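So the structure is just underneath, and the comments pick up after that.
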């Protein structure tokens, strides 16, 4: 993609932040394309929330350059605020007001005409499946409903960039999936999403690009597939229907192991196109045709462990 033709939704260069002696962000760089989902993945305390607070003008950086929606964060924070929405880990919902009243309040804060606010509130309540609960106080809502209302409130100003700081933490699996569907829908509508999460499955499901933040530094960045290839342990699985073919393939390919029954071979591989092509070419040259071929890469938890020496909470929490 030609970066000159498509200005980035967010550009971060050399971003630094310390609290006293503790360095929280240590010269991090990344770029978020418009209309995409970018996930900042890391354990608690990695610096994810600090990053969101800086990018959303709530906290001042110590150094570095940031542009959001084409506006310089340091010199035009007001312009940045006009194009962003933020949904934090802690809900901005007023529990004493109804769902509808919360949305109307956001309309007032954005100086929208009341008739427009009412129309928008109805639209958002329908979109987020809250119409039946519209006139109940938000204090009576479930966790998933509160999180949906919180995100609906973020949309009142029509932001082009939305920061979601751990949007599904503490939600049950069904509510989490409903939230994922809403996030995908927003991106289809042209919004850019900057997502922080400690759930690997969430990053894997949603993100176009993932950056792994560990102790204030970005230790890796790429698509989920690219990150999975950073870790040894991937393999190409070859299934055969007869033993002679399998034996021939094992001889041709050398470093293989039999897995999952006697007619399947595993060939160590990074899962990349080149290594798959090489295996196919060598089999072709020997006139061996496998009945099936599939590529198995490590999951993001393996990546995380390899990059940081720590598991994330995803495996325990997702279950």
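The values are calculated or read from the model by the stated rules, or taken from the named source; none is laboratory data. Quick caveat: nothing in here was measured; it's all calculated off a predicted structure. All Cβ positions, glycine included, derive from the backbone under ideal geometry; neighbour counts span all protein chains shown.
Filter region 15-47 down to residues that are farther than 13 Å from residue 196 by Cβ, outside any strand (DSSP E or B) and in contact with a helix residue (DSSP H, G or I) (Cβ under 9 Å, 6 or more places away or on another chain), then give me how many there are.
Summing the residues that are farther than 13 Å from residue 196 by Cβ, outside any strand (DSSP E or B) and in contact with a helix residue (DSSP H, G or I) (Cβ under 9 Å, 6 or more places away or on another chain) in region 15-47 gives 2.
Just to check your reading of the model, which residue among 211, 249, 203 is farther than 30 Å from residue 180 by Cβ, surrounded by 21 or more Cβ atoms within 10 Å (Cβ to Cβ) and either in the same structural domain as residue 64 (by TED's automatic domain parsing) or in contact with a strand residue (DSSP E or B) (Cβ under 7 Å, 6 or more places away or on another chain) (or both)?
249
From the list 186, 164, which one is under 27 Å from residue 53 (Cβ atoms) and assigned to a helix (DSSP H, G or I)?
It is 186.
Can you work out which of the residues in region 83-117 that are in contact with a strand residue (DSSP E or B) (Cβ under 6 Å, 6 or more places away or on another chain) and assigned to a loop (DSSP other than H, G, I, E, B) is nearest to residue 52 (Cα to Cα)?
Ranking the candidates gives 88 first.
Tell me whether region 101-110 contains one or more residues that are more than 21 Å from residue 177 (Cα to Cα), without any contact (Cβ under 8 Å) to a residue 60 or more places away in the chain and under 27 Å from the mean Cα position of the chain (by Cα).
Yes, that holds for at least one residue.
Residues are listed down the side, and each one gets a yes or a no for (1) in a loop (DSSP other than H, G, I, E, B); (2) closer than 28 Å to residue 41 by Cβ:
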{"residue": "119", "(1), (2)": "no, no"}
{"residue": "122", "(1), (2)": "no, no"}
{"residue": "132", "(1), (2)": "no, no"}
{"residue": "146", "(1), (2)": "no, yes"}
{"residue": "149", "(1), (2)": "no, yes"}
{"residue": "152", "(1), (2)": "no, yes"}
{"residue": "156", "(1), (2)": "no, no"}
{"residue": "159", "(1), (2)": "yes, yes"}
{"residue": "171", "(1), (2)": "yes, yes"}
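Looking only at region 202-241, filter to residues that are at pLDDT 85 or above and in a loop (DSSP other than H, G, I, E, B); which one of those is farthest from residue 37 (Cα to Cα)?
Looking at residues that are at pLDDT 85 or above and in a loop (DSSP other than H, G, I, E, B), I get 241.
Would region 54-68 turn up any residue that is assigned to a loop (DSSP other than H, G, I, E, B), surrounded by 14 or more Cβ atoms within 10 Å (Cβ to Cβ) and not assigned by TED's automatic domain parsing to the domain that holds residue 153?
No.
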